[in-house]
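The values are calculated or read from the model by the stated rules, or taken from the named source; none is laboratory data. The shown structure was predicted, so the numbers you read here are calculated from the model rather than taken from an experiment. As a convention, Cβ positions derive from the backbone with ideal geometry for all residues, glycine included, and neighbour counts pool all protein chains shown.
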Amino acid sequence: MKIDNVTTTPFDDQRPGTSGLRKKVSRFTQPHYLENFIQSILSVVEPRAGATLVLGGDGRYHNAEAIQVILRMAAANGIGRVLVGRDGILSTPAASCVIRKHGAAGGIILSASHNPGGPQGDFGVKFNTANGGPAPETVTETIYRHSREIREYRIAAHGDIPLGRTGRHTLGTMSVEVIDPVADYAELMERLFDFDRIHALFNSDAFRMRFDALHAVTGPYAHAILERRLGAPPGTVVHGTPLPDFGGGHPDPNLVYAHELVDALYAADAPDFGAASDGDGDRNMILGRHCFVTPSDSLAVLAANAHLVPGYRLGLRGVARSMPTSRAVDRVAAAQGIDCYETPTGWKFFGSLLDAGRVTLCGEESFGTGSDHVREKDGLWAVLFWLNLLALKRQPVAALLREHWRTFGRDYYTRHDYEGIDSAAAHAMIDTLREGLGSLPGRRVGARNTVYADDFAYTDPVDGSVSTGQGIRIVFDDDARIVFRLSGTGTEGATLRVYLERFEPDPERHDLDPQAALADLIAAANELAAIERHTGRTAPDVIT
Ligand code: G16
């Protein structure tokens, strides 16, 4: 095998964000850009000679070409075997599952998650370590430092490997195994959930579901598991063929971007259960008939009922949520007498807690839920968990949710996103807030007094690593809370996220529209941060 050592110069923008390196396709397709970053990963991680690497992506534009480049670079860097999904497809949770099951040294996942695809859209590269989870910050920072100094990368001179059929190929001394992207994952799901009961639910006339794969990676998984294994009628899964541009849509399962599904679930003849997943299959949105379950509530409901599901029947060791996620799951943890951890935004922060056996379930307000079965959040897993509960309880989603609130109280919650705002203005706004933190306690805002304000910092209880500057928290005397943070996943300008929540214990007041229930807090957020003055925006772009 001929190996080329290609001379290159560093790019200055290869620092991974909340979840891998995400850039516009036009940036990623610049000569040497992808190669520099892949070489930085392989040089930093230095898998032992002959090690196994997992490779796949969400099928977005440039996926196929990038996979061939990475295969050639893996061969040139001494990787022994690559497990690659058929057609270059692997959802993020399936990649995590395959890494763990086959003892791989790690995996490279090509995805910009929920960001739009296509030639004008985004592309991304994530590196996961041997535990199946996103590389921790210590690793991503070293990769970034390497990318600033790179002078050369190694690539084998070789033609494309055919990826359309499962089977084995060789690329020099490296073996390339093209695997069924669904098989290992489906087998894991079957061990965790009561497939017989879910099958019976789908066979009863009383239950109809709609799963919207948004033309992204979960299509093949949902067709195989929901329709073929669990007997959901064909047509249950819509938009189930992954397309390079996601059909021109925005593969983000929220109330705005998955509006077709939302409209269907709020129609007069709505199905009983609706769900969607994102570009790479790790996010989920759960809907009932005329009802939306916030991701924070979803995590709390799963935690409260986990003992009913085969894979979790022994109960939970503990739970974790990202800081901006509502405190609904904290109430469940307190009732069960288990630990609840509050981590910064980013699934990578759950990894050490999961590896140490401190938590079983974790979740984020950003439509992410998961457990110790893999080391990524897992969209279809959450949908199957809900289906298992619905199959047992034979209750509408709205009734189940109402019962949960009656037991634990309701945490009214909303997130307001201001997208594509001027980066300097966004940072100036956050800096002003940060500088004013000391003067906030005791200040009256609307009808509330501020009791506590900080810039969230986290010390990992397992490895002691410290992460600072993770979001401005402001807590009021009735325990209502506002959090301000800048997104770490955008590729254009800055995205301001404002997270708002308040607790309502009274079941008589659990029926309000969240925007109305939180109206005074929304006004307080605008007053405290002067959002309009800093950003020029009078309203958020996305409300979830
Ligand atoms: C990623 C991370 C999540 C995070 C989300 C939003 O999700 O894996 O942990 O909550 O981004 O991050 P931000 O608020 O910084 O935009 P995904 O689905 O994009 O990989």
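The strands (runs of 3 or more DSSP E) found wholly in segment 19-113 and carrying at least 3 residues that are within 16 Å of the ligand (Cβ to nearest atom) occupy 21-24, 106-110. Would a scan of segment 522-533 turn up a residue that is part of a helix (DSSP H, G or I), in contact (Cβ under 8 Å) with a residue 24 or more places away in the chain and more than 21 Å from SER439 (Cα to Cα)? No: segment 522-533 contains no residue that is part of a helix (DSSP H, G or I), in contact (Cβ under 8 Å) with a residue 24 or more places away in the chain and more than 21 Å from SER439 (Cα to Cα).
Quick grid of which residues meet (1) under 30 Å from SER352 (Cβ atoms); (2) without any contact (Cβ under 8 Å) to a residue 24 or more places away in the chain:
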site: GLY379; (1), (2): yes, no
site: VAL383; (1), (2): yes, no
site: LEU390; (1), (2): no, no
site: ALA398; (1), (2): no, no
site: TRP405; (1), (2): no, no
site: THR432; (1), (2): no, no
site: VAL445; (1), (2): no, no
site: VAL451; (1), (2): no, no
site: ASP455; (1), (2): yes, yes
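Against the list (1) touching a helix residue (DSSP H, G or I) at 6+ places or on another chain (Cβ under 8 Å); (2) within 30 Å of PRO16 (Cα to Cα), the condition VAL483 fails is (1). Cβ separations smaller than 8 Å between residues 6+ apart or across chains give the following pairs from segment 5-26 residues that are without any contact (Cβ under 8 Å) to a residue 60 or more places away in the chain to residues that are of a type in the set (D, E, K, R): ASP13/LYS23; ASP13/ARG27.
Which of the residues that make up segment 215-265 are out of contact with any His (no Cβ under 8 Å at 6 or more places or on another chain), crowded, with 23+ Cβ neighbours inside 10 Å and either of a type in the set (Ser, Thr, Tyr) or in a helix (DSSP H, G or I) (or both)? Listed by number, the residues that qualify are THR218, PRO220, TYR221, ALA222, ILE225, LEU226, LEU261. Got at least one residue in segment 376-385 being surrounded by 22 or more Cβ atoms within 10 Å (Cβ to Cβ) and more than 18 Å from the chain's Cα centre (by Cα)? Within segment 376-385, not a single residue is surrounded by 22 or more Cβ atoms within 10 Å (Cβ to Cβ) and more than 18 Å from the chain's Cα centre (by Cα).
As an exercise: evaluate GLY121 against (1) touching a Gly at 6+ places or on another chain (Cβ under 9 Å); (2) over 19 Å from LYS348 (Cα atoms); (3) within 16 Å of the ligand (Cβ to nearest atom) and give the number of the one condition it does not meet. All conditions pass for GLY121, except number (1).
Considering (1) at pLDDT 95 or above; (2) surrounded by 15 or more Cβ atoms within 10 Å (Cβ to Cβ); (3) away from the ligand (no atom under 16 Å from the Cβ), the lone condition that PRO505 does not fulfil carries the number (2).
THR489 falls short on exactly one of the conditions (1) within 12 Å of the ligand (Cβ to nearest atom); (2) at pLDDT 90 or above; (3) among the hydroxyl-bearing types (Ser, Thr, Tyr), and that condition is (2). When residues in segment 181-190 are screened for being in contact (Cβ under 8 Å) with a residue 24 or more places away in the chain and exposed (fewer than 14 other Cβ atoms within 10 Å of the Cβ), 0 of them pass. Taken over segment 332-349, the criterion of being closer than 14 Å to LEU316 by Cβ and within 11 Å of the ligand (Cβ to nearest atom) is satisfied by no residue. Within segment 196-221, the set of residues being more than 18 Å from the chain's Cα centre (by Cα) and either charged (D, E, K, R) or assigned by TED's automatic domain parsing to the domain that holds ASN115 (or both) comprises ASP196, ARG197, ASP205, ARG208, ARG210. For segment 470-500, the candidate set comprises residues that are small (Gly, Ala, Ser) and touching a strand residue (DSSP E or B) at 6+ places or on another chain (Cβ under 6 Å); within that set, the residue that is farthest from THR294 (Cα to Cα) is GLY493. Which of the residues spanning segment 75-120 are over 19 Å from THR218 (Cα atoms) and of a type outside the set (A, V, I, L, M)? Of everything in segment 75-120, those that are over 19 Å from THR218 (Cα atoms) and of a type outside the set (A, V, I, L, M) turn out to be ASN77, GLY78, GLY80, ARG81, ARG100, LYS101, HIS102, GLY103, GLY106, PRO119, GLN120.
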